[in-house]
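The structure appears below as C-alpha cells.
Read the figures in this text as sums done on the coordinates, not as results from a lab. None of the values given here were measured: they were computed from a predicted structure. Here the Cβ is made from the backbone with ideal geometry for all residues, glycine too, and neighbour counts use every protein chain on show.
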Amino acid sequence: KSYTALHNNTGILFAKADLEDNGTNPVWGVTKMLRSPYLFRMADNKIGVVAVRRDFSDDAPGTGKILYYTTKDLMDYEDHGLISLNTELKVTEPRCEYDGANSTYVITWKGSDGKLYKNTTKDFKTIS
C-alpha cells in the first residue's frame, strides 16, 4: 500500500515554549517537549490527549502536572494548559479513560517514586 504523509510530514502537536522578553532578544525562551502522549475518547466524542511536559534538560517545571488537549480531527488541537494532579511528584506515563458508568475521567500515572497513582475528574478543572 502507498500512504501520503500529512501536514508536510511534520508534527502537529507541540508544547508551548516559555518565551519572554529578556531586554536584548525578545524571542528568548525555553523549548518544551511533549512526552508520553496518550489519546483517549471523551464523553462528547472528541479525542483527548494527556502528556507530560519537559524541557531539554528533562527538568519538570510542571512537576505534579500534565498537559491536556482536545481535538475533533487529530489535526487541530485546543490547548487547555497544565492540569495539576495535586502532587509534588514528577509525573510520568499519564493515561486517561472515560468511565461512562460514573460520568468521570480516570487519570492514572506513575510518580517519580515508581508507584502508580489515580485521580478522577468530571471536567478537568477539579481534580480529586
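Here are the numbers for this structure:
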quantity	calculated
Fully extended contour minus Cα-Cα distance, from H7 to N86, at 0.36 nm per residue	24.8 nm
Cα-projected label distance for A17 with S112, points at 7 Å along beta-carbon direction, nm	2.6 nm
Contour minus Cα-Cα distance for L74 and A101 (0.36 nm per residue)	7.1 nm
Equivalent-ellipsoid semi-axes of the stretch 42-123, from the Cα gyration tensor, Å, largest first	22, 17, 9
Amide H contacts of V91 (H built 1.01 Å from N, under 5 Å, at least 5 apart or other chain)	G64, K65
Linear extension gain, E93 paired with T63, 0.36 nm per residue minus alpha-carbon span	9.5 nm
